Structure formats: structure tokens, C-alpha cells
Amino acid sequence: TSTGTGAVGAARLADLSHVRLRARDGAVTEESVPTLAQVLDLVRPTQAALLLEIKVDPARRPYPGIEEKTLALVKAQGLRERTVVMAFEPDTLRRVRALDGSIRTTMLVSRSRVERERAPAPTIVRWAAEVGATSLGVDHRVVDAPLVAAARQAGLRLATWTVNTEPDIRRVLDLGVDIVISDQPDLAMRLAGRTPRMP
């Protein structure tokens, strides 16, 4: 995905400034790795909403203070109402909600977790409800009618990722998910009958 090597968390910002992103075909572009502040600068003058995922390090440990720093940047740009904070780790979402109890949050759930725990739809939804998330985000291969129904019953919005092919996008749209996360946004919006909004 870029010309860099190694873990991003181990690099200094100055090191990352020399890294360039790669296009889908692997070609090196002139695009550098943006900071969150730079991304927020781009989003602020638009009407776009922001799905902001907070990650942990390779050992699954939280980066110290990342939740506080992230929320401070979002609020400083006036983007709190347009931001949904997402995470796979329940403790991350608990920390976010302790800092801001009304910001929207999404509990992300992987296919591997669902399969490992043999979790039926009500259990998957309960994972999100237990951390006070306002929505549930799942691997698109997990989405089925019972999960959509369980999320609706719990009052949770349902997001799905990463949906890139036309058959998969049509399937999740037909099931009634609320948010489709895709590397092919133009295709997803066309199939949803929506026109992309430009800044």
C-alpha cells in the first residue's frame, strides 16, 4: 500500500513524510501518508461524514492517550457531529465513551471472531450493546437476514465492510444494511442509487 516498510507505530513523523502511497495497481503515487489532522482538514469544508477507526499496536495494546488525542482533534475541527468512532476492541470504545458519552461509536466484529465463538446474530449484537455502541460493523460475509433483524430490534445501525464486488454490494443492500464500507465507493453509490457528493 506504500513505499514504506515496518510498523507505522515505530516510525517518526519525519520518516513517514518521505513515504508515498501506492495505487491499486501498485504504482507509486505522489500522495504521502496523511496525519489525522490533515485528513480532518480535508473533511471539514465538505459535507462528508467520517468513519474513524482507532487501532491498537501489533501486540493488541492501546497506544497511550490515543482516544483523548483523537477526540480532541475531532472536536477542534468541529467535526464531532459528523464523526463515528470505530474499533474492534471493546476497551477502546469504553474509553471513548468515558471521554464523550454521546459521540457515535461502532463496534467492529471480524468474521474470525464470529466463527471462533460460533456466535449467532443475537450474540453479535449483544457485543455492540454491551459497550454502548450506536452501531455494529461486521465483515460483509457475516451479514445475513437474522443479523439485520437483530440489529434493528436492538436499535443499532448496521455497517458492513469491505464490500467491493457488485454481487456482494447488491446482496448487503438488499438485506438492508445502513452503511456499506467499500474500496469502490462509486460502484457502491451507483448500486445504492445515490450520486457521489463532491467537495
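Miscellaneous remarks
- R113, sole failed condition from (1) at positive phi; (2) modelled with pLDDT of 95 or more: (1)
- If the condition is being loosely packed, with under 15 Cβ neighbours inside 10 Å and of a type in the set (G, A, S), then the range 111-128 contributes only S112.
- In the range 26-71, the residues that are of a type in the set (S, T, Y) and within 16 Å of the chain's Cα centre (by Cα): T70
- Qualifying residue in the range 178-199 (condition: of a type outside the set (D, E), part of a strand (DSSP E or B) and within 21 Å of T83 (Cα to Cα)): yes
- Members of the range 8-33 found to be among the aliphatic types (A, V, I, L, M) and either within 19 Å of V56 (Cα to Cα) or not in a loop (DSSP other than H, G, I, E, B) (or both), listed by number: V8, A10, A11, L13, A14, L16, L21, V28, V33
- Selection status of A98, in contact with a strand residue (DSSP E or B) (Cβ under 8 Å, 6 or more places away or on another chain), closer than 30 Å to K75 by Cβ and among the small types (G, A, S): no
- First in the range 163-175 and under 11 Å from A192 (Cβ atoms), second anywhere and loosely packed, with under 14 Cβ neighbours inside 10 Å and modelled with pLDDT of 95 or more, Cβ under 6 Å, 6 or more apart: none
Per-residue answers, yes or no, for (1) in contact with a Ser or Thr (Cβ under 7 Å, 6 or more places away or on another chain); (2) farther than 27 Å from R113 by Cα:
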| residue | (1), (2) |
| --- | --- |
| D15 | no, yes |
| E30 | no, yes |
| A37 | no, yes |
| V43 | no, yes |
| P58 | no, no |
| V85 | yes, no |
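- Scanning the range 143-199 for residues that are of a type in the set (K, R) and surrounded by 15 or more Cβ atoms within 10 Å (Cβ to Cβ), we see that the one that is farthest from T123 (Cα to Cα) is R171.
Per-residue answers, yes or no, for (1) exposed (fewer than 13 other Cβ atoms within 10 Å of the Cβ); (2) of a type outside the set (A, V, I, L, M, F, W, C):
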site	(1), (2)
I66	no, no
T70	no, yes
K75	no, yes
L79	no, no
V84	no, no
A87	no, no
R97	no, yes
S102	yes, yes
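- If you go through the range 64-119 and keep only what is under 18 Å from D139 (Cβ atoms), outside any helix (DSSP H, G or I) and of a type outside the set (V, I, T), you end up with M86, A87, F88, E89, M107, L108, S110, R118, A119.
- For the range 176-199, a residue qualifies if it is without any contact (Cβ under 8 Å) to a residue 24 or more places away in the chain and more than 22 Å from S112 (Cβ to Cβ), and the qualifying residues are Q184, P185, D186, L187, M189, R190, A192, G193, R194, T195, P196, M198.
- Answer residue from the range 26-59, given it is at pLDDT 90 or above and loosely packed, with under 10 Cβ neighbours inside 10 Å and is nearest to T106 (Cα to Cα) among those: Q47
- Matching residues in the range 31-55 - criterion: being touching a Leu at 6+ places or on another chain (Cβ under 9 Å) and farther than 22 Å from V96 by Cβ: E31, S32, V33
The values are calculated or read from the model by the stated rules, or taken from the named source; none is laboratory data. Because the structure is predicted, anything quoted here is derived from the model rather than measured. Backbone-built Cβ (ideal geometry, glycine too); neighbour counts: all protein chains shown.
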